[in-house]
Amino acid sequence: MNARTLSWLAAASAGAVVLWAAAASIAPQPPDAASICASHIKRVGLAVLLYAQDHAERYPPAAGWDALVAPYVIGPSRDDPWRCPSAQSVVGYGLNAAVAQVAWSRFNDTHSTVSMLECDASRRDATGGVRDLPRQPRHGGADMTGYADGHVAAVPRSDAAKLRWRP
């Protein structure tokens, strides 16, 4: 091989390494536990809203709410939307007990009223309130929280008691 060929091969190899490194840096990364948790709470929270829409705009009753809203849960069937990937418990979420069977029209502020919370539960029909949050926040000092209007936010544990828990 002459010097010109070696030079061309070295440049082509360096270019390939740069392209490979660039492609690796923009390759899709697997979602983190907080993103998966937010997605799960969003899916179950929207299922609760769809249930309410079909039932005189009332939230499901506390007892058995999970079975009532399960047909409305949409999204990939390969994952379990009832469980936070960071949870040690069987179930990771619960319905805010204060919103059970409440008519949509009775909500003063759907944007700030909690409807779904993270909790440590052994059953899918878990309900609760601020006292039922996991012992330790699961996501960097924050708990994923679903609201009555359908949005989800990570709320620092120090702010949990300040949230609107009653419609």
Next item on the list: Under 10 Å from the Cβ of V73, count the other residues' Cβ atoms, weight Lys and Arg +1, Asp and Glu -1, and hand me the total.
Entry: 0
Check: HN-Hα J couplings of segment 72-78 from phi, Karplus 6.51/-1.76/1.60, θ = phi - 60°, integer Hz, Gly and Pro as x?
Finding: 8, 6, 10, x, x, 7, 6
Next item on the list: Let me know the Rg and Dmax you get for segment 32-115 when you use only its Cα atoms, in Å.
Entry: 12.9, 37
Note to self: With 10 angstrom as the radius, rank W165, W82 by how many other C-beta atoms surround their C-beta, starting from the fewest.
What the structure shows: W165, W82
Checklist line | Cα pair distances of segment 28-167 binned at 5 Å [whole percent] | finding: 2, 11, 22, 26, 20, 12, 5, 1, 0
Item checked: Point-to-point label distance, A97-L50, nm (Cα→Cβ direction, 7 Å offset) -> 2.8
Next item on the list: For V155, enumerate residues with amide H under 5 Å from its amide H, sequence gap 5+ or separate chain, H modeled in the peptide plane.
Entry: D143, M144, T145
Next item on the list: Using DSSP to define loop residues, name the trypsin sites (Lys or Arg not before Pro) in segment 89-167 whose beta-carbon has at most 15 other beta-carbon atoms within 10 Å.
Entry: R123, R135
Item checked: Amide H within-cut-off set for M116, under 5 Å, with H built and near neighbours excluded -> N96, G146, Y147
Item checked: HN-Hα J in Hz across segment 160-166 - Karplus 6.51, -1.76, 1.60, θ = phi - 60°, x for Gly and Pro -> 4, 5, 7, 5, 8, 9, 10
Checklist line | Segment I74-V90, extension gain: residue separation times 0.36 nm, minus the distance between their alpha carbons | finding: 3.7 nm
Checklist line | Amide H contacts of V90 (H built 1.01 Å from N, under 5 Å, at least 5 apart or other chain) | finding: A121
Item checked: 20 Å reach of a label modelled at R106, 7 Å along Cα-to-Cβ, counting backbone N of segment 66-90 -> 66, 68-69
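Only the coordinates and a few stated rules stand behind these numbers; no lab work does. A quick note: this is a predicted structure, and the numbers were derived from the prediction, not measured. Every residue, glycine as well, gets a Cβ built from its backbone with ideal geometry; the counts of neighbours run over all protein chains shown.
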